[in-house]
1. How far is helix 322-338 tilted, in degrees, relative to the longest principal axis of the Cα atoms in the chain, given as a value from 0 to 90 rounded to the nearest 10?
2. Return the sequence-ordered ³J(HN,Hα) values of the range 285-298 in whole Hz as given by the Karplus equation 6.51 cos²θ - 1.76 cosθ + 1.60 applied to θ = phi - 60°, using x for Gly and Pro.
3. All other residues with a Cβ under 9 Å from the Cβ of residue 202 taken together, and with Lys, Arg as +1 and Asp, Glu as -1, what is their net charge?
4. Let me have the 222 nm mean residue ellipticity of the chain computed from DSSP H runs of 4+ only, each contributing -39500 (n - 2.57), with the sum over all residues rounded to the nearest 500.
5. Over the range 286-388, what is the relative contact order in whole percent, taking alpha-carbon pairs under 8 Å and six or more residues apart?
6. For residue 365 and residue 253 in the same chain, what is the full-extension length gain: residue separation times 0.36 nm, less their Cα-Cα distance, in nm?
7. Place a label point 7 angstrom from the Cα of residue 185 along the Cα-to-Cβ direction, then list the residues of the range 309-334 whose backbone nitrogen is under 19 Å away.
8. Expressed as an acute angle from 0 to 90° and rounded to the nearest 10, what is the orientation of the C-alpha long axis of helix 346-374 relative to the principal long axis of the chain?
Amino acid sequence: MRSLFTNSAAEPLAKKPGSLKVLGRYVKRNALLAIIGAVIGLWALQLIFSYLSELDSLDDSYTMSEAIKYIFYRSPYFLEQFIPTGALLGAVVGLGLLANKSELVVMRAAGVSIYRIVGWVLQPALIFVLLALAINQFVLPYSNQLAKDINDEDSSSLVTSVRGYWTMQPRFESLESGNTKSDGSDILYIDYADVRGNIGEVKRWHLDSNGNLQSAIHAEGGQYIGRKSLATTDGKPSEQYRYEWQLNNMTKLNINQGFESSQDISPSDTLSLPFAPESVYLLTRKAEDLSLTQLYEHRQFMRGQGKRSLEHELAFWQKLLSPLSILSLVIVACSFVFGSLRTHSLGLRIVVALLFGLLFSYVQDLVGFVSLATGFSPMLMVLLPILGSAALGFYLIKRQM
C-alpha cells in the first residue's frame with residue numbers, strides 16, 4: 001500500500017477518488033477477514049465446550065451420536081449469539097493489525113478522516129448483520145425444535161418450569177329451552193403444537209362454579225379435524241369459528257361428591273378452541289424459538305385477545321434491533337483502536353474488546369429482566385445499551401480527532 005502514500009504530501013488522498021477506492025477495499029478486506037476469523041473461533045470454542053458438557057448426560061437413551069446431533073442442531077443458535085462479540089473482536093483485530101504497522105497513522109496523515117475509516121469497517125459488518133437476521137428468521141425456528149426433540153432440557157424440570165400453553169376458559173351448559181348457563185370453567189394445558197395442526201400432550205381440569213375440581217382429562221396427542229361456524233342469535237352462521245382437534249388415547253378422571261372418583265379410558269375425544277392451528281403453534285412455542293415474523297404475528301394475536309406477553313415482545317425487539325447492536329459494537333471497537341495507537345498493545349485491545357462484549361451482553365440480559373419485572377417498554381429497554389454503546393464509541397472517536 002506504500003504507493004498510495006508516496007505523493008501524499010503534495011496532494012491529500014481525500015482528493016484522489018481512485019486511490020480512496022483501493023484503500024477502502026484494503027481496509028474492508030482486512031476487517032472482513034478478521035471478523036470472520038473471530039466469529040468462527042468463538043463459535044468453534046462454544047461448540048467444543050457444549051459437546052463436553054453433554055458428555056455428562058450420556059446414557060442408554062442419549063448416546064454420543066445423539067449428543068453430536070443435538071450440538072449440530074444447536075450450532076446456528078450459538079453462531080447467532082456470538083456474531084455481535086465476534087464483530088467487535090474482529091474489528092479490533094483488523095484495525096489493530098493496521099495500527100501496528102502504522103498504516104492507520106499514514107492514512108490519517110494523508111487526509112483520510114476517522115469517520116471514513118469507521119465507515120469502511122462498518123460495511124463488512126453489514127454482512128454479518130444480514131447473516132444474523134437470516135439465521136433468526138429461517139434457521140432457528142427449525143433447528144431449535146430439532147434439538148429439543150433430541151434433548152428436551154425442560155423435561156426434567158417440569159415442576160419449576162412453565163412450558164406450552166396454559167389458559168382458563170369459561171364453560172357453559174346447554175338447557176332444554178335452548179339457552180345456556182354457566183358451568184364453571186376449564187383449565188387447559190397444551191404441551192406442543194405444530195403448523196400442520198398436530199398437538200402433543202393435552203391436560204384439562206374442570207372446575208365448578210365454586211372452584212371445586214370435578215374432572216381431569218389427559219390425552220397423549222391430537223390432530224386438527226376442522227372448524228365450525230358459530231351461530232348468531234338469528235340462527236345465521238357468523239364469521240367466528242370454533243376449531244376442533246381429535247384427541248387420542250384419552251383418560252378421564254371423574255371426582256364425585258365425598259371424594260369418590262372413577263376413571264374412564266376413551267380412544268378419542270374432541271377439543272374445541274377459539275383460534276386456528278397457526279395460533280396454537282405460536283402460543284406453545286418459546287419466544288427464542290420463533291422467527292421475527294412469527295414473533296410479530298404472536299404480538300398481533302395477543303393484542304387481538306386483549307392480552308400481552310412481555311417475554312415475546314422483548315424477544316421481538318431484541319431480534320429486530322440486533323443489527324444495531326452489531327454496528328454499535330463495531331463503532332466501539334474502532335474507538336478502542338484509534339484511542340490507543342501507540343500506548344497499548346494489540347493483545348490488550350483484544351482483552352478490552354472481549355470484556356466490553358461480555359459487559360454489553362450482560363447489560364442486555366439485565367435490562368431484559370428489568371423490563372419483564374417492571375413491565376417497562378421492551379423496545380426502550382433494548383435500545384438503552386445499544387444507544388449507550390454507540391454514544392460511547394462516537395465520544396471516544398471524537399476525542400481522537
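1. So the helix axis and the longest Cα principal axis differ by about 20 degrees.
2. Residue by residue, the range 285-298 yields 9, 5, 4, 5, 8, 9, 6, 4, 5, 5, 5, 5, 5, 4 Hz.
3. Numbers: positive: 203, 204; negative: 191, 201, 220.
Here the count lands on -1.
4. On the way: 11 runs with 214 residues, N = 401.
Value at 222 nm, helices only: -18500 deg cm²/dmol.
5. Details: 59 pairs, mean separation 32.8, N = 103.
Answer for the range 286-388 is 32 percent.
6. Values: separation 112, 0.36 × 112 = 40.32 nm, distance 4.32 nm.
Result: 36.0 nm gained on full extension.
7. Flagged as within label range: 309.
8. Result, in degrees: 30.
Where a number appears in this text, it was derived from the coordinates with a stated rule and is not lab data. Model, not experiment: these values are computed from the prediction. Reconstructed Cβ throughout: ideal geometry from the backbone, glycine too, with neighbour counts over all protein chains shown.
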